[in-house]
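K.L.:
Here it is, the structure, as structure tokens.
Bear in mind that the values in this text are calculations on the coordinates, not laboratory data. No experiment lies behind these values; they were computed from the predicted model shown. When we count neighbours, we look across all protein chains shown, and the Cβ atoms used for this are built from the backbone with ideal geometry, even at glycine.
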Amino acid sequence: MRIAHYLNQFYAGLGGEEAADLGPRVIDGPAGPGRLLQQLLGEQHRIVATIVCGDDHAATTPGVSAELLGLARAAGAELLVAGPAFGSGRYGLACARLVAAATAAGLPALGSMHPDNPGLAEAGTAPVIAAGATAREMRPSLQRLAAAVAKLATSESLTAADGRIAQVARVGRLVERRAAWRAVDLVLRRLGGDTEATEIPVGGFDAVVPAAPLDKTASAAVALLTEGALVPAGNPDRLESARATRWLRYQIEGIEELATGAWESVDGGFATVAANADPNRMLPLDAARELERDGAIGRLHGEFLVTVGNGTSVATARRFGVEWAAELRKAGVQAAILTAT
Amino acid sequence: MERAGIPTALVTNLVTIAEQVGAPRIVPGGGIPYPAGNPALSPQAERAWRRRLLERALVAVTTHVDRPTVFEVDTAEPAGA
Amino acid sequence: MPRVERSRTVQALRRVVHTVHTVELGETTGYEQGRLLVGRSQAEARYADPALAAVRVHVASPGDAVRIIAPLDVVEPRAKGPGGGMFPGWLAPVNRRRGPETHVLRGAAVLSAGYLPRNQEGLIDMTGPAAELSPFGGTHNVVVEFDPADGASWAEVDAAVRRGSLRLAAHLAEAAVEAEPDAVEELAEPHRPGEPTGGLPRVGVITNLQTQGAFKDVFVYGRSMAGSLPTLFDPAEVEDGAVVSGQYGHPALRNPTYLHQNHPVLAELRARDGRDLRFAGLVLSPEPVEQSGKELCSTHAAWLCRAAGFDAAIVTKEGAGNADNDLALKVDALEALSLAAVALYAEMSGPDGTGPPLVAGPRRGALVSTGNYDQRLRLPAVERALGGDRLRILDVDATAAIEAPVAMMLSALSPLGAGRLTCRAEEAA
């Protein structure tokens, strides 16, 4: 089979974060981890082209999946492999969207990323194989991927035994006993020594590797963001009061402070009186401008990004975080201050 | 955003939740409805506190951290406010 | 000096139950053999207040093609009979001695519906797939719509509607006081520490009450618990309306007065009292809005449970993510004192259920799932809507066929445990 392999700019050897805005391009044959993947695939399959795109470009440009797909087809690909993206959010998002688009367009495709990758959801029903959490697990991740590619090439379907990560869904069901009865039942079991029994998994916290600190902020571009649903009075773009499906951006270029009455919080989760009386309590523009004038900040980014946290699912919030990251990086923002309610 | 290399100061009153989701740089805010505000203070005192809050946020993004770290803001009124 | 034996018996509260099979509007309020007649002008008179220009009384029964939108509080009709005393702090003085009998019109509910600020728009369908998800799809609802008077503040309107609903609830139940009961339920007081347990564990419940100010507050004896510390509380007082909801956020996660009067966890603990456990008591706690308050209430509540001799506690909340923080802190505090803790959580796993279920969970403990906030349902069109003409949140006619999240259905994810919804992990399609 002739295979197109999608990589981000880093794994393709075109640069690190500074090259994250590279547009789609093709490299002949395998590149980066594609070389090991080719070895593992053996003679039967050939990586004829490596399709590359910068992570920020891929995450923020509409229509990029179609463009990448076009490049794969132009190279004569009969199958598309994307990743491994491990835990990288923007890369995972790009891979997931690409394999979803390819599958929908009839090109067999397969992604590879860690099960916790925030982009996984965007693959939909297209197959994704589990990879390790970081590039330290490149070899075992590629071995699993190679085996899955071989199977996909013969039109066999992939299952959990192949490392396929189907998303586990927690589905609402009506059961016989009401929740209060089940609570008493659980507490009695717990008292009886069964410390494992639970209806929702307990414990387990997200590990975020912190970004390196800036040296100083005096020359830095800093952005303000909020999940407190701060919007222009009247909510002209109709941001939801709960269960956000989108995020918005508003200009603050040339504005020294948020004027009372010009802005409001439409967050349904708390009393918005204080925030509406002085919107700077939600988005601290007045103090930020002061710091900008005093030289503590290099410049304030000309827009603020906003969504509503009230009732918004964690999956959606994680995806927004990935998208915000790409937006800010594209704009050259180096640090962010996010207010959360 | 942290994962993408943008140090981010999370200003929130719900410090426990922020720690649980792994936010590395946490600046305790004024209250759920007003993370960057404190209506109990006089307007000048509140404005001065908000500036100190942001200064703390700037400290947070210029500080190396390995795990969720809380950057407390003082709540004392400045002398002569 | 010889010790005088003091009598330790306290008269148990008796619930005198009158079942309601049908509800109709008519001339004069009356109750006979399961049939409740609501006197229209008598009902309207309960809402007489300068803050209300008019009220309209309707009936919506299970199976009716009716959708109630913008529901506010729901109250079960209850009365004390001669001597009165129901709803202390609202209709009655708080310290008045009340009789041991509480008359209940089981199967009926008084419910006001209409716009108030911060009333996050909810709904109750009396027919169709949503009907079984809300406890109030199964009650005969006396629905009162209201028009605010010119110049009345929303706070005044809110108070007037609340007083009217409580008065109407008491008025309706009073009609049944003389009737032969359908059941009499004895509610023994909680097991006292030091009394023999027969080897059974002492299990109590901590109920967190939302205390976020205007339109987001829950009243105890007519006052907000904001700023209070958690306290042990007599469950018999809750039976008599000491806890009244003035909280209108997050419809699916709301605990209306009705669900405090019929507290599900109290009921389940009582059901197994003496068999599998001893019912050790009830703790009420505010849900402070700031972190330091949450931590204080959690450590104090855990200490209180231990001091009261609980072996375990079930913790309930009201509200969404913010309230989850209080649950997590309380469970961790209880477990740190070696009390077994269980909390009731709703999940927010996204419309397809694939997102992480919780943001703020405890480090230890066991969790009950009351369902997925984000799950969506298709609801068929109905013939009639009460509480408004338009579902503003979806910008459609209130009677229209809609697709709505479970989040909108009143008390569908009941944090007090009234519902039968839960989440099961299944392979996504």
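K.L.:
C:A53's amide H: which non-local residues (gap 5+, or another chain) put their own amide H closer than 5 Å, with H modeled 1.01 Å from N in plane and none for Pro or chain starts?
P.N.:
Amide H neighbours of C:A53, under 5 Å, 5+ apart: C:D147, C:A149.
K.L.:
Can you pull the mean other chain C-beta count within 10 Å for peptide A:287-296?
P.N.:
On the way: counts 12, 6, 0, 4, 5, 0, 0, 1, 0, 4.
Across A:287-296, the average partner-chain Cβ count within 10 Å equals 3.
K.L.:
What residue among C:G388, C:L253, C:T370 has its Cα farthest toward the positive end of the dipole of the stretch C:247-393, where the charges are +1 on Lys, Arg and -1 on Asp, Glu, each on the Cβ?
P.N.:
C:G388
K.L.:
Take the Cα atoms of the stretch A:221-339, find their three principal axes, and give me the spread along each one in whole Å, biggest first.
P.N.:
Reported extents, whole Å, longest axis first: 38, 32, 20.
K.L.:
Order the peptides C:181-187, A:91-97, C:248-254, C:302-308 from the highest to the lowest mean number of other Cβ atoms within 10 Å of their residues. Let's see the in-between values first.
P.N.:
Values: C:181-187: 13.9, A:91-97: 28.9, C:248-254: 26.3, C:302-308: 19.1.
Ranking the peptides C:181-187, A:91-97, C:248-254, C:302-308 by packing returns A:91-97, C:248-254, C:302-308, C:181-187.
K.L.:
Could you give each residue of the stretch A:125-134 its phi-based ³J(HN,Hα) in whole Hz, using Karplus coefficients 6.51, -1.76, 1.60 with θ = phi - 60°, and x for Gly or Pro?
P.N.:
8, 5, x, 10, 9, 5, 10, x, 6, 9
K.L.:
Out of residues 5 or more away from B:V27 or on other chains, whose amide H comes under 5 Å of its own, with H placed 1.01 Å from N in the peptide plane?
P.N.:
B:L10, B:V11, B:T12, B:F71
K.L.:
Can I ask one more? Starting from the Cα gyration tensor of the stretch A:2-165, take the square roots of the eigenvalues, sort them a ≥ b ≥ c, and report rounded, prolate or oblate (rounded when a/c is under 1.5, otherwise prolate if a/b is larger than b/c, else oblate). Can you show the working numbers first?
P.N.:
On the way: a/c = 1.26, a/b = 1.18, b/c = 1.07.
In terms of gyration-tensor shape, rounded.
K.L.:
While we're looking at this one, here's another question. Pulled fully out, how much extra length does the chain show between C:T22 and C:E403, if you take 0.36 nm times their separation in residues and subtract their Cα-Cα distance? Show your work: numbers first, answer last.
P.N.:
Values: separation 381, 0.36 × 381 = 137.16 nm, distance 3.04 nm.
Net length gain for the segment: 134.1 nm.
K.L.:
Same structure, new question: Suppose R0 equals 51 Å; then what is the FRET efficiency for A:R25 and C:A381 from their Cβ-Cβ distance, rounded to the nearest 0.05? Present the calculation step by step, with values, prior to reporting the outcome.
P.N.:
Values: r = 53 Å, r/R0 = 1.04.
My answer for the efficiency is 0.45.
K.L.:
Can I ask one more? I'd like the mean, over residues of C:320-327, of how many other protein chain beta carbons sit within 10 Å of each residue's own Cβ.
P.N.:
On the way: counts 8, 9, 9, 1, 4, 7, 1, 0.
Mean shielding by partner chains, rounded to a whole number: 5.
K.L.:
Can you give me the distance in nm between label points at A:E67 and C:V396, each placed 7 Å from the Cα along the Cα-to-Cβ direction?
P.N.:
The answer from the label model is 3.8 nm.
K.L.:
What order do you get for A:274-285, C:391-402 when each peptide is scored by the mean count of other beta carbon atoms within 10 Å, highest first? Mind showing how you got there, number by number?
P.N.:
Values: A:274-285: 24.6, C:391-402: 16.0.
Final packing ranking: A:274-285, C:391-402.
K.L.:
A:D215 versus A:A161, label points 7 Å from Cα toward the beta carbon: distance in nm?
P.N.:
In this crude label model, A:D215 to A:A161 measures out at 5.7 nm.
K.L.:
Using r as the Cβ-Cβ distance of A:N235 and C:A307, and R0 as 60 Å, what FRET efficiency do you calculate, to the nearest 0.05? The partial results should precede the final answer.
P.N.:
Details: r = 49 Å, r/R0 = 0.81.
With a Förster radius of 60 Å, E is 0.75.
K.L.:
Show me, for the stretch B:49-59, the HN-Hα J-couplings you get by feeding each phi into the Karplus relation (A = 6.51, B = -1.76, C = 1.60, θ = phi - 60°), rounded to Hz, glycine and proline as x.
P.N.:
5, 5, 5, 5, 4, 5, 4, 5, 4, 5, 4
K.L.:
Evaluate the Kirkwood expression for the hydrodynamic radius of the protein assembly as shown, namely the inverse of the mean inverse distance over all pairs of different C-alpha atoms, and round to one decimal in Å. The partial results should precede the final answer.
P.N.:
Working: mean 1/r = 0.0345 Å⁻¹.
Value: 29.0 Å, from the Cα pair sum.
K.L.:
Here is a follow-up. Pick out, in residue order, every one of the GluC sites (Glu not before Pro) in the stretch A:240-341 that is DSSP loop and has at most 14 other C-beta atoms within 10 Å; say none if there are none. All intermediate terms of the calculation are to be shown ahead of the outcome.
P.N.:
Numbers: sites: A:E240, A:E253, A:E256, A:E257, A:E264, A:E290, A:E292, A:E303, A:E323, A:E327; in loops: A:E240, A:E253, A:E256, A:E257.
The qualifying sites are A:E253, A:E256.
K.L.:
Going by average Cβ density within 10 Å per residue, which order do the peptides B:45-55, C:281-291 take, highest to lowest? List each step's numbers first, then the result.
P.N.:
Working: B:45-55: 20.4, C:281-291: 23.6.
The peptides rank, most packed first, as C:281-291, B:45-55.
K.L.:
Further question: Report, by chain and number, residues whose modeled amide H sits under 5 Å from the one on C:L133, excluding near sequence neighbours (fewer than 5 apart, same chain).
P.N.:
Residues meeting the amide H criterion: none.
K.L.:
Here is a further query. Over the whole of A:112-125, what's the average partner chain Cβ count within 10 Å per residue? Rounded to a whole number, please. The partial results should precede the final answer.
P.N.:
Numbers: counts 0, 0, 0, 0, 1, 0, 2, 0, 1, 5, 0, 0, 3, 2.
Whole-number average of other-chain Cβ neighbours for A:112-125 is 1.
K.L.:
Turning to a different aspect of this structure: How many percent of DSSP beta bridges within the stretch A:221-339 run antiparallel, rounded to 5? Could the numbers behind the result be given before it?
P.N.:
Numbers: 8 of 18 bridges.
Counting DSSP beta bridges with both partners in the stretch A:221-339, the antiparallel share is about 45 percent.
K.L.:
Is the C-alpha gyration tensor of chain C telling us rounded, prolate or oblate? Criteria: a/c under 1.5 is rounded; beyond that, a/b larger than b/c is prolate, otherwise oblate. Can you show the working numbers first?
P.N.:
Working: a/c = 1.67, a/b = 1.15, b/c = 1.45.
Here chain C falls in the oblate category.
K.L.:
I'd like the Karplus ³J(HN,Hα) series for the stretch C:196-209: coefficients 6.51, -1.76, 1.60, θ = phi - 60°, whole numbers in Hz, and an x wherever there's a Gly or Pro.
P.N.:
With coefficients 6.51, -1.76 and 1.60, one gets x, 9, x, x, 8, x, 9, 10, x, 9, 10, 10, 7, 10 Hz.
K.L.:
Using label points projected 7 Å from each Cα along Cα→Cβ, tell me how many nm separate A:V175 and A:V273, to one decimal.
P.N.:
Placing both labels 7 Å along Cα→Cβ, they lie 4.1 nm apart.
K.L.:
Note down the relative contact order for chain B as a percent, whole number, built from C-alpha pairs under 8 angstrom at least six residues apart. Write down the numbers at each step before the final one.
P.N.:
Working: 117 pairs, mean separation 27.0, N = 81.
In percent, rounded to a whole number, it is 33.
K.L.:
Follow-up. For the residues C:S61, A:S157, what sequence is obtained by ranking on other C-beta atoms within 10 Å, fewest first? If you can, show how the numbers build up before the last one.
P.N.:
Numbers: C:S61 19, A:S157 9.
Sorted ascending by nearby Cβ count, the order is A:S157, C:S61.
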